[in-house]
Structure formats: structure tokens, C-alpha cells
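To start, the structure under review is shown below, and the notes come after it.
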Amino acid sequence: MDPSSALAAFGLGVALGTSPGPVQLLLFSEASRGGVRRGLLTMAGANGTFGLMMLLLAAGLSSLEPGESFLRVVQVVGGAFLVFLAIDAFRENRRPVTTEAEREGPHPTLRGVVAVLLNPGVYVFLATTGAAVVAGALEVGGRPAAFATVIALLAGVSLMDFAMVLLGTGAHRVSDRALRILGDALALGLGALGVLLAVRGLAG
């Protein structure tokens, strides 16, 4: 099996994990609010969901082509979800919490899952670059090469997402006042991104 496809997929995964977007912002936000455990739980939900989608492509569903109406609905619903997370973050930043069990709102793993499912960019990636990468691997080495390529891509994404969690965890160790300011700034970022997605979906 030619390792070049897997190496290229790993590089693509690193680039994908580095690109700013809703998932990366959510990972940093969750880790800065709850530390490494909360960040990793969010990452597990997000990467597990994205990984399952990619594995489905490798299993033979590489002809996925989401329609324009579907993407618009995802933009509106996904934008609304990000706004909800932003409001929840503002509230939590002003409520003293000592343990993870005392935190309200969706579980961090569920937040990661929904952030991927309601991210229109994920479906565009699956229908274009993701499908092309899997198709290329299939042509070179068949189904085993396709699965190996997907795993390599996920490894690249996970590496950069883990780095984002570590950055957020570092922010979690700063003073309470600085952490509240950072949390508010991240919440504003999530909210602004959510409003932008929703407006694009409604205007499309």
C-alpha cells in the first residue's frame, strides 16, 4: 500500500485542524472554561462525529452531495446553536462553579457532536475535498488504503485540535478576572460567528 496518500491526508488534517472555525473556537472556549478534561470531552464528540462521517465515505458513500437548501438550513440551525452556546457561556462566566457536575447546559461531548453536525463547512468538505481524497486512495490501493487515509487525516485533525485544547487549558490557569474577560471574548466570537452563519443561511 502506497503511504503517500496517507501522508498527504495527514498534512491535510493538520491544515484542517489549524483553520479557524466553529469547532476550533468551541474547543478553545470549553477548555478555557473547564480545563483539559472538558476540552478533551468536547474534542471527543467533535472528532468522533467527523471521523464517523469520513469512515462512511471510505466505506462507499463518497458520492455525498448536499443540496443548497440543506446547507442553508444547516447554516441557520448551526448559527442558532452557536448563539445559544455564546449566551450559555456568558451566563456561566458569571456563575461560580466548583465542579463539572454543577455546570448546566449540554454535556461538552454533546456540544462537540452538534458543533460538527451543524457546521455547513463539514458537509462541503465531505462532498469535495474529503470525497476526492477517499476516491484517490481507493484508486491507488482499494478500500484498505481508503480507510488508512481517513485514519491519517483524522490523526492530523486530532493533533491540532489537541493543541487547541492545550492552549485553552493554559488560559484556564490565569486569574479569575482575566478568565472571565477571555470567556466573554470567546462567547462574543461564537455569537458573532453564529449570527453570520444564520444570516447567510436566511439570505441565501
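The values are calculated or read from the model by the stated rules, or taken from the named source; none is laboratory data. Because the structure is a prediction, the values reported are computed rather than measured. As a convention, Cβ positions derive from the backbone with ideal geometry for all residues, glycine included, and neighbour counts pool all protein chains shown.
Numbers at a glance
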| item | result |
| --- | --- |
| Checklist (1) at pLDDT below 80; (2) under 24 Å from Gly35 (Cα atoms); (3) assigned to a helix (DSSP H, G or I) applied to Phe162, failing item | (1) |
| Residue satisfying all of: in the stretch 16-42; of a type in the set (Gly, Ala, Ser) and within 10 Å of the chain's Cα centre (by Cα); farthest from Leu153 (Cα to Cα) among these | Gly21 |
| Arg103 being surrounded by fewer than 21 Cβ atoms within 10 Å (Cβ to Cβ), within 22 Å of Leu40 (Cα to Cα) and modelled with pLDDT under 75 | yes |
| Filter result (on the phi < 0 side of the Ramachandran plot and touching a His at 6+ places or on another chain (Cβ under 6 Å)) within the stretch 1-58 | Ser32 |
| Residue within the stretch 178-186 that is in contact (Cβ under 8 Å) with a residue 24 or more places away in the chain, in a helix (DSSP H, G or I) and among the acidic types (Asp, Glu) present | yes |
| Qualifying residue in the stretch 9-30 (condition: over 29 Å from Leu196 (Cβ atoms) and either in a helix (DSSP H, G or I) or touching a Phe, Trp or Tyr at 6+ places or on another chain (Cβ under 9 Å) (or both)) | yes |
| Matching entry among Phe162, Phe147 (being among the aromatic types (Phe, Trp, Tyr) and within 17 Å of the chain's Cα centre (by Cα)) | Phe162 |
